[in-house]
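S.K.: Before we start, here is the structure in question, set down as structure tokens.
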Amino acid sequence: MGNYSKQLAERIRTQGPKKGFCAICRTYGKLTKEHVPPAGCGNVSNVVLRSLSKIGSTDKRDSFVSQGGLKFGSTCHKCNNERLGINYDPELIKLYKEMKQLSESVSNNRLSLPRCKTFFIKPQKIARSVIGHIIAANSIASLSENSEHKGIYSQLVEYFIDADAPLPNNVEIYCWFYPSRDIRILKFFGRTFKWGVNPVVGDVLKFFPLAFWVVWNVPKEINISLPKLLSNHNIGGDELVQLTIDFASYPPLDFPERPNNDGASLYASAINSVGVPKFV
């Protein structure tokens, strides 16, 4: 039983060492606590964190309480405070606040949300914010390892650090309305849509009122009918575009992690988690 409890504690642990290799840039030094999503997106209350496979469990050994919001002690000062905090997060926070204000206005006046609403955004900055926070929510064990990012993550980190780089051609970011207070983080998550066809692989970050799915190398047989954050990968970092959010038609709250009858989900428990607000 002792080993079982230890494994669960390691699985959901978010506090990294005081010094280590930054989850994003891999520079060695003092590590800081990164809110995922940003604190400015309402992530400031205590959160009960469980792995995706332990949703619904009432066993306290299956959960961990993150005080003051869901955060990971995994990033260096530059990635946390300069790249994310100053350069990228403000645009994501701006969109969050506009959508939250709309929801509160509708609620206070007892009206219905409009079917659709168009927002003016800087998608390159929002994309980098989303990618940075997803990578920051890393396996704590990797913070003590002097290793470089591999595969698609090396491309995503290069894109994150170089503010003038276009989003890689093999990457797409889908976004939609997410009316839930649960925070969901899925790393290197696979979802099949058709038997005999390779899964769609990517990372998911969901928090009220937005969901983002960063995918790469989508099989040509698969059509994901969701809005793209960046319809043009080459627009400038400060260029404004229109993003239309559909408030009437959006995926189920457990999409994409719960597959249909003709599909399956593939994920690793150590880096796929659900944060539920703790009200007591």
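S.K.: If I ask for residues that are of a type in the set (Val, Ile, Thr) and at pLDDT 95 or above, which ones from the stretch 223-243 would you list? Working first, answer last.
M.R.: The first filter runs over the stretch 223-243 and keeps only residues of a type in the set (Val, Ile, Thr), leaving 224, 235, 241.
If the condition is that a residue be of a type in the set (Val, Ile, Thr) and at pLDDT 95 or above, then ILE235, VAL241 are the ones that fit.
S.K.: Can you tell me which residue is modelled with the highest pLDDT among those in the stretch 87-111 that are more than 18 Å from TYR178 (Cβ to Cβ) and among the hydroxyl-bearing types (Ser, Thr, Tyr)?
M.R.: Among those that are more than 18 Å from TYR178 (Cβ to Cβ) and among the hydroxyl-bearing types (Ser, Thr, Tyr), it is TYR88.
Here is a yes/no grid of residues against (1) touching a strand residue (DSSP E or B) at 6+ places or on another chain (Cβ under 9 Å); (2) modelled with pLDDT under 95:
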site: GLY2; (1), (2): no, yes
site: TYR28; (1), (2): yes, no
site: ASP62; (1), (2): yes, yes
site: VAL65; (1), (2): yes, yes
site: HIS77; (1), (2): yes, no
site: GLY85; (1), (2): no, no
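S.K.: Of the conditions (1) outside any strand (DSSP E or B); (2) within 12 Å of GLY132 (Cα to Cα); (3) not hydrophobic (A, V, I, L, M, F, W, C), SER74 clears all except one; give me its number.
M.R.: The single condition SER74 does not satisfy is (1).
S.K.: Say we look at the stretch 67-107 and pick out the residues that are farther than 23 Å from ALA141 by Cα and aliphatic (A, V, I, L, M); which of these is surrounded by the most Cβ atoms within 10 Å (Cβ to Cβ)?
M.R.: LEU92
S.K.: Would you check which residues across the stretch 244-280 are modelled with pLDDT under 90 and in a strand (DSSP E or B) and list them?
M.R.: Residues satisfying the conditions are SER265, LEU266, ASN272, SER273, VAL274, GLY275, VAL276, PRO277.
S.K.: Further question: Here is a list of conditions, (1) surrounded by fewer than 20 Cβ atoms within 10 Å (Cβ to Cβ); (2) touching a His at 6+ places or on another chain (Cβ under 8 Å), and LEU167 meets all of them except one; can you say which number that is?
M.R.: (1)
The values are calculated or read from the model by the stated rules, or taken from the named source; none is laboratory data. Since the model is a prediction, treat every value here as computed from it, not as a measurement. Don't worry about glycine lacking a Cβ; one is built from the backbone with ideal geometry, like all the others, and counts go over all protein chains shown.
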